[in-house]
Amino acid sequence: LYVNQRARTLYGITDPTGLDVERYSKKITLLTPEGEPYPPRKLPTSRALREGAVTAREEIQVVRPDGSRIIVEAAAVPLVSRNGTVIAGIGVFDDVTDYKRVEKILERDKETLERLVKERTDALSATKQELERKERLSEIGTLAATVAHELRNPLAVISIIVYNLERKTKDRPELARYYADINKKINQSNRIIDNLLSFSRIKPPQFEAIPIYPFLEKCLTETRKKYSEKPVHVKKNYTSLRKTALEADLFQINQIITNVLANAWEAAPRRGGRIRVAGRKMNGAIEIRISDNGEGIPREHIDHVFKPFFTLKSKGTGLGLAVCREMIGLHDGTISLSSLPGKGTTVILTLPEGRRP
Ligand SMILES: Nc1ncnc2c1ncn2[C@@H]1O[C@H](COP(=O)(O)OP(=O)(O)OP(=O)(O)O)[C@@H](O)[C@H]1O
Ligand SMILES: [Mg+2]
């Protein structure tokens, strides 16, 4: 085995004569790029000797006698005598340690860079979506407010005319049911206008402390009155909130709860309707669940119920839940809905009890 000066330095062989190479070579460990012991049979020189052919470049990790490591790329050429027998193998080694180190750093930097770019892109597209949503909402809001205002006045005029007609035709009782019909339609239209307006009025909440227990009681009483033609059995389960106050916008929180209650009432069956309102505290948040035993929501519609103007009701505006979602978002809360078709629906609201500083 002959080893030239450059290779001796490379391998950390300190004997300047190079005569004791055999002894030194026992102190050198060769590893594969993965760090496994390099199989001696696979070493380029062994293969060149055995196969009599030039080998491709192989990467080899070398652990030198002093424990330091280098990476070499090795290839070997067989030395063939005139009659064709292989008499020697010549191994050539390139120290690629620095190159590999740089390559590793570059690789790591590339990964970091790619990750950073991806993170930024994700954040940007989320912001963009949020912006687009806000823009769309404010456009819808402006449109809703305009339409609502434009309709309010003619409706008010119609309402006065009906009132006067009713008074002037007191002697014709057969007309009464027509007036009743007109008044019903006027009320319905006003409700739609209210909804449109509340949608356009979605703005930063004015926070105040709201005692949640009496507030829920009031919402229930009012909704019950509004739907007096459909009595339902209400089960209340929120006594644990008796002493709890919620930091929220009173107008908005009222919209949220009454919209959800209205949906529950509208969904409840005419006979045997049941609604359950449950509330509890849960790590700094207040959770309110409103369940009904109505028809539920068909699976194919469940993803759409929070979209503005989505409705399956002949007299709905489809703004109730859209308003809820926007307003609850402004309170850093969440609203979710689960429904078992044929069994009923549960809406879960969570609201942070206090406001974040
Ligand atoms: N508790 C519920 N049970 C069954 N379906 C529901 C319930 N809540 C909401 N939905 C469905 O979601 C749709 C959207 O509800 P949302 O409150 O936004 O509008 P709406 O009730 O149709 O109209 P509006 O609230 O303006 O009167 C409803 O039309 C209904 O199909
Ligand atoms: Mg509704």
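The values are calculated or read from the model by the stated rules, or taken from the named source; none is laboratory data. Computed from a predicted structure; not experimentally measured. Here the Cβ positions follow ideal geometry from the backbone for every residue, glycine too, while neighbour counts run over all protein chains shown. SASA here: full protein model, heavy atoms, side chains in, ligands and nucleic acids out. Shrake-Rupley method; radii C 1.70, N 1.55, O 1.52, S 1.80 Å.
Given the options 328, 257, name the one that is under 23 Å from residue 197 (Cβ atoms), at pLDDT 95 or above and more than 8 Å from ligand 1 (Cβ to nearest atom).
On the way: 328 fails: at pLDDT 95 or above.
Of the residues listed, the single one that is under 23 Å from residue 197 (Cβ atoms), at pLDDT 95 or above and more than 8 Å from ligand 1 (Cβ to nearest atom) is 257.
Pull up the stretch 269-280, narrow it to residues that are open to solvent by 60 Å² or more (accessible area, probe 1.4 Å) and modelled with pLDDT of 95 or more, then point me to the one that is farthest from residue 320 (Cα to Cα).
Of all residues in the stretch 269-280, those open to solvent by 60 Å² or more (accessible area, probe 1.4 Å) come to 270-271, 274, 276, 280.
Then keep just the ones that are modelled with pLDDT of 95 or more; that gives 274, 276, 280.
Details: 274: 21, 276: 19, 280: 24 Å.
Result: 280.
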Among the candidates 293, 259, 283, which residue alone is polar (S, T, N, Q) and within 13 Å of ligand 2 (Cβ to nearest atom)? 259
Scan of the stretch 297-314 for residues that are within 10 Å of ligand 2 (Cβ to nearest atom) and hydroxyl-bearing (Ser, Thr, Tyr), ordered by number: 311
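Quick check, is residue 92 closer than 30 Å to residue 11 by Cα and open to solvent by 70 Å² or more (accessible area, probe 1.4 Å)? Spell out the reasoning first.
Working: closer than 30 Å to residue 11 by Cα: yes; open to solvent by 70 Å² or more (accessible area, probe 1.4 Å): yes.
Considered against the rule, which asks whether it is closer than 30 Å to residue 11 by Cα and open to solvent by 70 Å² or more (accessible area, probe 1.4 Å), residue 92 comes out as yes.
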Candidate set from the stretch 331-341 (those that are away from ligand 1 (no atom under 11 Å from the Cβ) and surrounded by fewer than 18 Cβ atoms within 10 Å (Cβ to Cβ)); member that is modelled with the lowest pLDDT: 332
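If only one of 300, 326 is in the same structural domain as residue 237 (by TED's automatic domain parsing), acidic (Asp, Glu) and in contact (Cβ under 8 Å) with a residue 40 or more places away in the chain, which one is it?
Being in the same structural domain as residue 237 (by TED's automatic domain parsing), acidic (Asp, Glu) and in contact (Cβ under 8 Å) with a residue 40 or more places away in the chain holds for just one of 300, 326, which is 326.
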Six or more apart or on different chains, Cβ atoms under 7 Å: show the pairs whose first residue is in the stretch 155-181 and at positive phi and whose second is assigned to a helix (DSSP H, G or I) and at pLDDT below 90. none
Given the conditions (1) in contact with a strand residue (DSSP E or B) (Cβ under 8 Å, 6 or more places away or on another chain); (2) closer than 30 Å to residue 135 by Cβ; (3) in a helix (DSSP H, G or I); (4) not aromatic (Phe, Trp, Tyr), report the number of the one that residue 205 does not fulfil. (3)
Among the numbered criteria (1) away from ligand 1 (no atom under 11 Å from the Cβ); (2) of a type in the set (Val, Ile, Thr); (3) part of a helix (DSSP H, G or I), which single criterion is violated by residue 277? (3)
Give just the number: which of (1) touching a His at 6+ places or on another chain (Cβ under 8 Å); (2) within 13 Å of ligand 2 (Cβ to nearest atom); (3) in contact (Cβ under 8 Å) with a residue 60 or more places away in the chain does residue 317 not satisfy? (1)
From 176, 245, 156, residue being under 29 Å from residue 141 (Cα atoms) and of a type in the set (A, V, I, L, M): 156
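For the stretch 266-280, which residues satisfy the criterion of being aliphatic (A, V, I, L, M) and within 16 Å of ligand 2 (Cβ to nearest atom)?
The initial filter retains those residues of the stretch 266-280 that are aliphatic (A, V, I, L, M), namely 267-268, 275, 277-278.
Across the stretch 266-280, the qualifying residues are 267, 268, 275.
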When you scan the stretch 252-268, do you find a residue that is surrounded by fewer than 14 Cβ atoms within 10 Å (Cβ to Cβ) and in the same structural domain as residue 322 (by TED's automatic domain parsing), even just one? no
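Just to be sure before I move on: is residue 297 open to solvent by less than 80 Å² (accessible area, probe 1.4 Å), near ligand 1 (Cβ under 9 Å from one of its atoms) and not acidic (Asp, Glu) in the structure I sent?
Values: open to solvent by less than 80 Å² (accessible area, probe 1.4 Å): yes; near ligand 1 (Cβ under 9 Å from one of its atoms): yes; not acidic (Asp, Glu): yes.
Yes: the conditions hold for residue 297.
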Given the stretch 1-117, what strands (runs of 3 or more DSSP E) lie entirely inside it while holding 3 or more residues that are in contact with a helix residue (DSSP H, G or I) (Cβ under 9 Å, 6 or more places away or on another chain)? 58-63, 69-80, 86-95
Can you tell me which residues in the stretch 1-41 are more than 52 Å from the chain's Cα centre (by Cα), surrounded by 13 or more Cβ atoms within 10 Å (Cβ to Cβ) and either without any contact (Cβ under 8 Å) to a residue 40 or more places away in the chain or closer than 15 Å to residue 89 by Cβ (or both)? 3, 7, 8, 18, 21, 25, 27, 28
Residues of the stretch 151-200 being touching a helix residue (DSSP H, G or I) at 6+ places or on another chain (Cβ under 8 Å) and not in a helix (DSSP H, G or I), in sequence order, are 169
